[in-house]
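Asks: This is the structure, below, for whatever I ask next.
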Amino acid sequence: MQRSRDEVVVIWTERGGPPVVAPSMPEGFGSKLVHRTVAAQLGGAITFDWAQEGLVVALRMSKNRLAY
């Protein structure tokens, strides 16, 4: 997890599993829900890097939207 003055960034990295392939279908309900929730409720964004050696997900959130 990385912290800055205005946001928190959580990085999820998967390694050592089978090769990763990006989804071939359009974004489904779950993905849309995640993107909208992160944007609307947390004032942030989520990105997915479907690298062959493993998935990397970055979740950026506005600090003032989080409760500590």
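Asks: The conditions are (1) without any contact (Cβ under 8 Å) to a residue 12 or more places away in the chain; (2) in a strand (DSSP E or B), and residue 8 fails exactly one of them. Which is it?
Replies: (1)
Asks: For residue 39, are the conditions met, namely being touching a strand residue (DSSP E or B) at 6+ places or on another chain (Cβ under 8 Å), on the phi < 0 side of the Ramachandran plot, at pLDDT 85 or above and not β-branched (Val, Ile, Thr)?
Replies: Values: touching a strand residue (DSSP E or B) at 6+ places or on another chain (Cβ under 8 Å): yes; on the phi < 0 side of the Ramachandran plot: yes; at pLDDT 85 or above: no; not β-branched (Val, Ile, Thr): yes.
Considered against the rule, which asks whether it is touching a strand residue (DSSP E or B) at 6+ places or on another chain (Cβ under 8 Å), on the phi < 0 side of the Ramachandran plot, at pLDDT 85 or above and not β-branched (Val, Ile, Thr), residue 39 comes out as no.
Asks: Something else about it: Just give me the residues in the range 34-68 being of a type outside the set (Gly, Ala, Ser) and part of a helix (DSSP H, G or I), in sequence order.
Replies: Across the range 34-68, the qualifying residues are 34, 35, 36, 37, 38, 41, 42, 63, 64, 65.
Asks: Another one. Within the range 40-61, track down each residue that is under 16 Å from the mean Cα position of the chain (by Cα) and either surrounded by fewer than 13 Cβ atoms within 10 Å (Cβ to Cβ) or over 18 Å from residue 7 (Cα atoms) (or both).
Replies: 40, 41, 47, 48, 49, 50, 51, 54, 55, 56
Asks: Being within 21 Å of residue 16 (Cβ to Cβ) and either in contact with a Gly (Cβ under 7 Å, 6 or more places away or on another chain) or aliphatic (A, V, I, L, M) (or both) is the filter here, so list the residues in the range 46-68 that pass it.
Replies: Matches in the range 46-68: 51, 54, 55, 56, 57, 58.
Asks: A further question on this structure: Working carefully through the options 24, 31, find the one that is surrounded by fewer than 10 Cβ atoms within 10 Å (Cβ to Cβ) and not in a strand (DSSP E or B).
Replies: Only one candidate qualifies: 24.
The values are calculated or read from the model by the stated rules, or taken from the named source; none is laboratory data. All of these numbers come straight from a predicted model, not from anything done at the bench. All Cβ positions, glycine included, derive from the backbone under ideal geometry; neighbour counts span all protein chains shown.
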